[in-house]
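Data first, discussion second: the structure below is written as structure tokens.
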């Protein structure tokens, strides 16, 4: 089931991290809070219900959307899952198209910027459909990595991200490149966005990381 989910969600354009049990899931969620969690009810070590409880108890993840997958179809079990904090409940077996539709519907409610075709911040516009970036109406030419970096920053303006977090989120957790690589690409992005007389939109926070912040 996990392999099938991996394959289909990646095909739909999502980046997927998989945990083998509830203990590993909690560790991964704490290290890098995801945009959404798909959670099996019956997990080894720590149950899905307990994982959901702990997600809701953590200030960093309490608003993270959770979809519970389970073979349990009794009404009382559904209510228990939802009362624990799950946002949605899908009973096995299910059609993959139904799960993807529910994921998109939940993200549209909780994180619309992840699905929007256009992202805006200050005088920046990122058009995902046309793969185009403009600042004050003028085209900004970016390489593919700088484009992904900007997309990530524009989803969370003002928030500071460490180089490790940027590496995991933009390059991927299983990509092994030096942290210095992040500095190089952030520098290229900063240079591409630079506009005479306008503020530098990329803020460097000493010993912490980088942020998209027009007040920086």
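Computed quantities for the displayed model
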| read-out | value |
| --- | --- |
| Residue that is touching a residue at least 40 places away in the same chain (Cβ under 8 Å) and either within 30 Å of residue 116 (Cβ to Cβ) or assigned by TED's automatic domain parsing to the domain that holds residue 155 (or both), where the choices are 56, 18, 63 | 63 |
| Any hit, the stretch 38-47, residues being assigned to a helix (DSSP H, G or I), within 19 Å of the chain's Cα centre (by Cα) and within 24 Å of residue 96 (Cβ to Cβ) | no |
| Test: residue in the stretch 20-31 that is surrounded by fewer than 15 Cβ atoms within 10 Å (Cβ to Cβ), within 28 Å of residue 152 (Cβ to Cβ), modelled with pLDDT under 90 and under 17 Å from the mean Cα position of the chain (by Cα) | yes |
| Residue within the stretch 65-74 that is out of contact with any strand residue (DSSP E or B) (no Cβ under 6 Å at 6 or more places or on another chain) and at pLDDT 90 or above present | yes |
| Among residues of the stretch 172-201, those that are part of a helix (DSSP H, G or I), without any contact (Cβ under 8 Å) to a residue 12 or more places away in the chain and surrounded by 13 or more Cβ atoms within 10 Å (Cβ to Cβ), counted | 1 |
| Residues located in the stretch 102-153, provided they are on the phi > 0 side of the Ramachandran plot and out of contact with any helix residue (DSSP H, G or I) (no Cβ under 9 Å at 6 or more places or on another chain) | 122, 136, 137 |
| Selection from the stretch 119-147 of residues that are within 22 Å of residue 215 (Cα to Cα), surrounded by fewer than 17 Cβ atoms within 10 Å (Cβ to Cβ) and free of Cβ contacts under 8 Å to residues at least 60 places away in the same chain | 120, 134, 137, 138 |
| Check on residue 120, touching a strand residue (DSSP E or B) at 6+ places or on another chain (Cβ under 9 Å), assigned to a helix (DSSP H, G or I) and over 18 Å from residue 63 (Cβ atoms) | no |
| Hits in the stretch 21-37 - residues which are free of Cβ contacts under 8 Å to residues at least 60 places away in the same chain and either over 22 Å from residue 112 (Cα atoms) or assigned to a loop (DSSP other than H, G, I, E, B) (or both) | 21, 22, 23, 24, 25, 26, 27, 28, 30, 31, 33, 34 |
| Failed item in (1) outside the structural domain of residue 65 (by TED's automatic domain parsing); (2) modelled with pLDDT under 90, with residue 124 passing the rest | (2) |
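Residue by residue, here is whether (1) closer than 25 Å to residue 13 by Cα; (2) within 21 Å of the chain's Cα centre (by Cα) holds:
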residue: 127; (1), (2): yes, yes
residue: 141; (1), (2): yes, no
residue: 146; (1), (2): yes, yes
residue: 157; (1), (2): yes, yes
residue: 178; (1), (2): no, no
residue: 185; (1), (2): yes, yes
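The values are calculated or read from the model by the stated rules, or taken from the named source; none is laboratory data. Note that the structure is predicted; figures quoted are calculated from it, not measured. Note that each Cβ is placed from the backbone with ideal geometry, even for glycine, and that neighbours are counted across all protein chains shown.
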